[in-house]
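A short reminder: the numbers here are calculations on the coordinates, not readings from a lab. Given the structure is predicted, the values throughout are model-derived calculations rather than measurements.
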Amino acid sequence: MITSAQLRAARVLLGIDQRQLARLSGLSAPTIQRMEASETMVRGNVDSLMKLIAAFDAAGIEMIDEGAVSNSQGRGVRLKIRSGSLDAQSETKASSGTRARR
């Protein structure tokens, strides 16, 4: 299960609004709004929750469950490390360093 705070944090990490998350997950915007308005654990049917988690996973967001390996305790979200994105970051740093020397 995920909490409403995790849902909001994951959306913010991606820099998207509720409508964009609805499109990514195949859910309606009102469904996303209801999920984010939950007090603690997100309420919804299993299919909707699976779509939501799959959309976050595809976008590079990892949900951290209570008790999972992490530097701190509790639930949370983090961006996944992708080998392709690290290569792109290295190229960007290298090219910006080259430009600075000119």
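Backbone amide hydrogens, once placed in the peptide plane, bring Ile64 within less than 5 Å of Gly76, Val77, Arg78, excluding anything fewer than 5 places away on its chain. Karplus-based coupling profile of region 18-35, in residue order and whole Hz: 4, 5, 5, 5, 4, 5, 4, 8, x, 9, 8, 4, x, 5, 4, 4, 5, 5, with θ = phi - 60° in 6.51 cos²θ - 1.76 cosθ + 1.60 and x standing for Gly or Pro.
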